[in-house]
Amino acid sequence: MKREFVAPGPALATQKTMDADAAGIAEAARVIGAGGIVAFPTETVYGLAGDATSDAAVARIYAAKARPEFNPLITHVASLDAAREQGVFPAEALHLAKLFWPGPLTLVVPPAPGATVCAAARAGRQTIALRVPIHPVALALISAAGRPLAAPSANRSGQVSPVTAAHVAQDLSGAIDLILDGGRCSVGLESTVIAYLEGPPLLLRPGGIARADIEAVLGHALADSAGTTTLHSPGMLHSHYAPRAKLRLDATELAEGEAGLDFGGIFGARKNVLDLSARRDLAEAAANLFSFLHDLDALGLPCIAVAPIPRDGLGEAINDRLTRAAAPRERGDAGFKS
Ligand code: TXA
Ligand code: MG
């Protein structure tokens with residue numbers, strides 16, 4: 001079921017944007033301490049943060065995003081020690097955390113007995129998603145707020161994720177208390193999400209760390225969430241990251257009146273075309289993906305043709321996002337979004 005957009009409560013200021021300097025971070029921490037919600041930069045995408053220990057703050061995040069309440073949020077903490085206060089890490093998960101944190105990896109584990117993260121942030125589940133970001137503003141904000149921060153991507157549910165403060169303002173203006181502007185996100189794709197629950201570890205969402213890099217340190221393959229139910233992966237089904245324009249994937253040429261999202265220059269130098277990476281670099285393509293989707297969508301053309309993109313490395317996550325962006329909209333399953 002999709003919830004209607006809800007205006008912010010009267011208790012807090014209407015949304016403003018501040019530079020992510022010391023004054024901005026202090027103000028953001030104050031707003032979060034007062035139960036408010038703040039968009040902030042991470043290395044992956046902008047997040048929408050609130051006090052993860054407060055049901056009321058978390059409810060405001062869900063309302064601002066019009067996010068279905070059954071889709072749990074990632075809790076952001078500043079260190080592995082802080083993560084272990086909230087979650088129980090099996091040995092292998094601990095190994096990954098030590099190698100990849102801080103960074104674009106989220107681990108889903110059972111909650112620790114003394115966990116303070118509220119049930120609403122976990123969508124009532126007996127699991128918790130934890131991440132230590134590497135962006136200095138994100139780390140400074142978590143420390144200044146002095147509590148774990150629940151933070152989904154700072155977009156309305158189902159929209160393209162934001163990688164600049166301007167993207168956040170376009171999508172959530174008036175619904176949140178503050179935007180911290182820390183420039184463009186460097187990775188450009190959300191974190192890789194891996195679940196350590198019963199059974200083998202499950203890749204719930206390909207993301208900013210390539211599957212192969214994780215499998216190389218584990219010495220075994222990650223199981224796929226494809227075929228598992230929403231029980232495991234509530235945010236990962238169907239239409240998502242949807243621009244207004246339709247997407248036509250694996251296009252080898254542009255049709256009349258289409259915008260183009262190119263890779264490796266196959267469309268040639270044409271009007272209304274942006275090349276994710278002329279030199280076919282997947283990290284560069286990932287960093288440009290959401291930003292270029294925002295820009296091409298703003299042209300107002302009915303269709304964006306997308307050049308084929310290899311599926312190895314970060315190409316898995318790029319193709320995952322593009323496939324979701326291209327999926328049919330407004331189906332009965334419109335709730336499965338983050
Ligand atoms: O890079 C990121 O991960 C960004 C930045 C802001 O940290 N955050 C982000 O959050 O992408 P969101 O809410 O847009 O996506 C979180 C994903 C969703 O697919 C959600 O279903 C899944 O993580 N998730 C969260 N908690 C979970 C849990 N307990 N079990 C299974 N999946 C969970
Ligand atoms: Mg999201």
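The values are calculated or read from the model by the stated rules, or taken from the named source; none is laboratory data. Here the structure is a predicted model, which means the values were calculated and not measured. Cβ placement follows ideal geometry from the backbone for every residue including glycine, while neighbour counts extend to all protein chains displayed. We work out accessible area using only protein heavy atoms, side chains counted, and drop any ligands, DNA or RNA first. Shrake-Rupley method; radii C 1.70, N 1.55, O 1.52, S 1.80 Å.
Quick notes on this structure:
- Inspection of region 125-138 finds a residue satisfying the criterion of being out of contact with any Asp or Glu (no Cβ under 6 Å at 6 or more places or on another chain), within 11 Å of ligand 1 (Cβ to nearest atom) and open to solvent by 40 Å² or more (accessible area, probe 1.4 Å).
- In this structure, residue 137 does not satisfy being assigned by TED's automatic domain parsing to the domain that holds residue 39 and under 18 Å from residue 205 (Cα atoms).
- For region 218-230, the count of residues that are within 16 Å of ligand 2 (Cβ to nearest atom), outside any strand (DSSP E or B) and modelled with pLDDT under 95 is at least one.
- Residue within region 109-122 that is more than 24 Å from residue 155 (Cβ to Cβ) and basic (Lys, Arg) present: no
- Condition met for residue 142 (within 10 Å of ligand 1 (Cβ to nearest atom), part of a helix (DSSP H, G or I) and either of a type in the set (D, E, K, R) or modelled with pLDDT of 95 or more (or both)): no
- Taking region 17-105 and the helices (runs of 4 or more DSSP H) fully enclosed by it, the elements with 2 or more residues that are buried (at least 21 other Cβ atoms within 10 Å of the Cβ) and out of contact with any Ser or Thr (no Cβ under 8 Å at 6 or more places or on another chain) are at 22-33, 55-65, 91-100.
- Within region 304-325, being without any contact (Cβ under 8 Å) to a residue 60 or more places away in the chain and surrounded by fewer than 16 Cβ atoms within 10 Å (Cβ to Cβ) holds for 308, 310, 311.
- Hits in region 92-150 (condition: of a type in the set (Ser, Thr, Tyr) and either within 16 Å of ligand 2 (Cβ to nearest atom) or free of Cβ contacts under 8 Å to residues at least 12 places away in the same chain (or both)): 106
- Residue-level check: of (1) open to solvent by less than 40 Å² (accessible area, probe 1.4 Å); (2) modelled with pLDDT under 95; (3) small (Gly, Ala, Ser), residue 199 misses just (1).
- Residue that is farthest from ligand 1 (Cβ to nearest atom), among those in region 149-173 that are assigned to a loop (DSSP other than H, G, I, E, B) and open to solvent by 20 Å² or more (accessible area, probe 1.4 Å): 173
- Filter result (open to solvent by 50 Å² or more (accessible area, probe 1.4 Å) and either under 16 Å from residue 300 (Cβ atoms) or acidic (Asp, Glu) (or both)) within region 246-280: 246, 250, 253, 256, 271, 272, 274
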